[in-house]
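The values are calculated or read from the model by the stated rules, or taken from the named source; none is laboratory data. Just so it is clear, the structure is predicted and the values come from calculations on it, not from any experiment. Because the Cβ atoms are built from the backbone with ideal geometry, glycine has one as well, and the counts that use them run over all protein chains shown. For accessibility, only protein heavy atoms count, side chains too; no ligands or nucleic acids. Shrake-Rupley method; radii C 1.70, N 1.55, O 1.52, S 1.80 Å.
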Amino acid sequence: MNASNEQVMLGHGSGGSMMKRIIDEVFFDAYGSPELAQGNDAAVLMPEDGNDGARLAFSTDSFVVTPHFFPGGDIGRLAVCGTVNDVATSGAVPKWLSLGMILEEGFPMDDLRRICASIREAADEAGVRVVTGDTKVVNRGHGDGIFINTSGVGELAPGVNLGGQLCQPGDAVLVTGTLGDHGITIMSCREGLNFQADVESDAAPLNHLIADVIEAAPSVRCFRDPTRGGIASTLNELAEQCGCDITVSEGDVPVKPVVLGACEMLGYDVMQVANEGKMVCVVPRDEAAAALRAMRGSEYGHDAAIIGEVGEMIDAAEAGRGPKVYLQTAFGSRRILDMLVGEQLPRIC
């Protein structure tokens, strides 16, 4: 991204390889910090005295989805769940949210009230409180009705340390449920597509599910929510963090038939389609069964599955390549599962 005439493109917000480039080559280069460079969904903030019992997790996210209302949720529920989940991936208990709104002149007040009610319901479900906020209004035609930014803070118990860099060869890779629900829901609403079966967003707060998994599998390595760029981008990020290949079995990945059919019709790879209420989890192989039981015991984890494993660590200099993610197909072949390139589904969150 060093060309003088290069411009920001939609793909730079996709969650795929273009977004990784703008983060690495623009944001990290300008103001990177040790916490930011870890590449996790939430930063763990250590007190200056090094007291492990007083750590906080912090994350922020912005939501620009269109349409604002869709089956299974709306932009308000999405904003709360997205930030709660990001904080919870660190193993922290989410406690507090900030909420900033950028409103466009002319936005219907009834819609705003409806979104605020949804925010309250999602916050109550997650057990968090909105404690501060901000409101700005832009001129008509200079926004898209409503944009929302949420930041979240959570408390980390002593001894809880999670992150993608902790994944080890032999670890099991799990997912908490069916993939692609949110992305296909947004696309069907936006394009007026009708499917034979109903499909709705999976937007949900997963902090309670994560807490249950940590209790059942105390050596869990990490959690990561596969939002923009789908599970393909998430797994590639984890592979790079830990320096290991990851292999996933296509036949073990849970996908609803209507979502799979929609992806085939539209030419999408379901592994690259966005999710807003799912979590990827990596645990030691001997704790995988316990983690899976904990997931399936949760309201939002009935379709959880073990989908793959972490392979051997790669010496990039010796191998001539970096870590890769492989998909073992239903036909017995194996292919590289790449990060999303460009923008597949614009403005899905």
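Each residue in the range 297-317 was checked for being at pLDDT 95 or above and open to solvent by less than 80 Å² (accessible area, probe 1.4 Å), and 11 pass.
The residue that is surrounded by the most Cβ atoms within 10 Å (Cβ to Cβ), among those in the range 15-73 that are at pLDDT 80 or above and of a type in the set (Ser, Thr, Tyr), is Ser59.
Given the residues Val87, Val160, Val153, which is the only one that is among the β-branched types (Val, Ile, Thr), over 30 Å from Glu250 (Cβ atoms), in contact (Cβ under 8 Å) with a residue 60 or more places away in the chain and in a helix (DSSP H, G or I)? Step through it out loud before you land on a result.
Working: Val160 fails: in a helix (DSSP H, G or I); Val153 fails: in a helix (DSSP H, G or I).
After applying the criteria, what remains is Val87.
Only a single item in (1) at pLDDT below 95; (2) under 19 Å from the mean Cα position of the chain (by Cα) is not met by Asp181, and it is number (1).
Residues of the range 66-89 that are more than 19 Å from Ala123 (Cα to Cα) and touching a strand residue (DSSP E or B) at 6+ places or on another chain (Cβ under 9 Å): Pro67 alone.
Given the options Ala262, Ala294, Ala289, name the one that is open to solvent by 40 Å² or more (accessible area, probe 1.4 Å) and part of a helix (DSSP H, G or I). Show your work before the answer.
Values: Ala262 fails: open to solvent by 40 Å² or more (accessible area, probe 1.4 Å); Ala294 fails: open to solvent by 40 Å² or more (accessible area, probe 1.4 Å).
Selected residue: Ala289, the only one of Ala262, Ala294, Ala289 that is open to solvent by 40 Å² or more (accessible area, probe 1.4 Å) and part of a helix (DSSP H, G or I).
Quick one: would you say Val131 is more than 22 Å from Gly277 (Cα to Cα), at pLDDT 95 or above and part of a strand (DSSP E or B)? Here the answer is yes, as Val131 does meet what is asked.
Residues in the range 205-221 that are surrounded by fewer than 24 Cβ atoms within 10 Å (Cβ to Cβ) and hydrophobic (A, V, I, L, M, F, W, C): 3 in all.
The criterion of being open to solvent by less than 60 Å² (accessible area, probe 1.4 Å), closer than 26 Å to Phe223 by Cα and β-branched (Val, Ile, Thr) does not hold for Ile115. For Thr234, the criteria (1) out of contact with any Leu (no Cβ under 7 Å at 6 or more places or on another chain); (2) under 26 Å from Gly91 (Cβ atoms); (3) open to solvent by 10 Å² or more (accessible area, probe 1.4 Å) hold in every case but one, which is (3). For the structure I just gave you, tell me whether Gly251 is out of contact with any Asp or Glu (no Cβ under 7 Å at 6 or more places or on another chain), open to solvent by less than 10 Å² (accessible area, probe 1.4 Å) and either at pLDDT 95 or above or within 20 Å of Asp338 (Cα to Cα) (or both). No, not satisfied. If you check Ala88, Ala79 for being among the aliphatic types (A, V, I, L, M), open to solvent by less than 10 Å² (accessible area, probe 1.4 Å), within 18 Å of Asp134 (Cβ to Cβ) and under 16 Å from the mean Cα position of the chain (by Cα), only one passes: Ala79. Condition first: buried (at least 20 other Cβ atoms within 10 Å of the Cβ), touching a Gly at 6+ places or on another chain (Cβ under 8 Å) and at pLDDT 95 or above. Can you find one or more residues in the range 185-200 that meet it? So far as the range 185-200 goes, no, none of its residues is buried (at least 20 other Cβ atoms within 10 Å of the Cβ), touching a Gly at 6+ places or on another chain (Cβ under 8 Å) and at pLDDT 95 or above.
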